[in-house]
Amino acid sequence: MTYALNESLRYFDDFLIYFSVALLLLVSFTLIYTKVTPYNEISLIREGNTAAAISLSGALLGFALPLASTVANAVNLLDLLLFAVLLCQKART
């Protein structure tokens, strides 16, 4: 039991680093997306506009799902960041 726990905790710092970077990338994508689009999605959502909420949710899911795959398959942090930049470019088009 102790061996399994030690093996799980051995890579916990790597998990925290990748999780933090992925969360930072998701927040930065959200900020960039809301600045680039012609509408202020946050204010529209606060006013009760369901279409704006669905649009923003779809964009976030469209970035988060490939980002999760990238985190799972990344060899190192540079690899993760390069793929995230490619995801941002792909999300723009």
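Scanning segment 58-93 for residues that are over 20 Å from V21 (Cα atoms) and not charged (D, E, K, R) turns up G58, T93.
Candidates in segment 1-42 are the residues that are part of a helix (DSSP H, G or I) and of a type in the set (S, T, N, Q); of these, the one that is surrounded by the fewest Cβ atoms within 10 Å (Cβ to Cβ) is T2.
Those residues that are in contact (Cβ under 8 Å) with a residue 12 or more places away in the chain and of a type in the set (S, T, Y), I need them from segment 66-80; list them, please.
Initially, segment 66-80 is screened for residues in contact (Cβ under 8 Å) with a residue 12 or more places away in the chain, giving 66-68, 70-71, 74, 77, 80.
T70 - this is the single residue of segment 66-80 that is in contact (Cβ under 8 Å) with a residue 12 or more places away in the chain and of a type in the set (S, T, Y).
Identify, from the list F15, F63, the residue that is in contact (Cβ under 8 Å) with a residue 24 or more places away in the chain and out of contact with any Lys or Arg (no Cβ under 7 Å at 6 or more places or on another chain). Working first, answer last.
Working: F15 fails: in contact (Cβ under 8 Å) with a residue 24 or more places away in the chain.
On inspection, the qualifying residue turns out to be F63.
Just to be sure before I move on: is A64 under 13 Å from the mean Cα position of the chain (by Cα), in a helix (DSSP H, G or I) and modelled with pLDDT of 90 or more in the structure I sent? Judged against the criteria, A64 is a match.
The values are calculated or read from the model by the stated rules, or taken from the named source; none is laboratory data. All of these numbers come straight from a predicted model, not from anything done at the bench. Note that each Cβ is placed from the backbone with ideal geometry, even for glycine, and that neighbours are counted across all protein chains shown.
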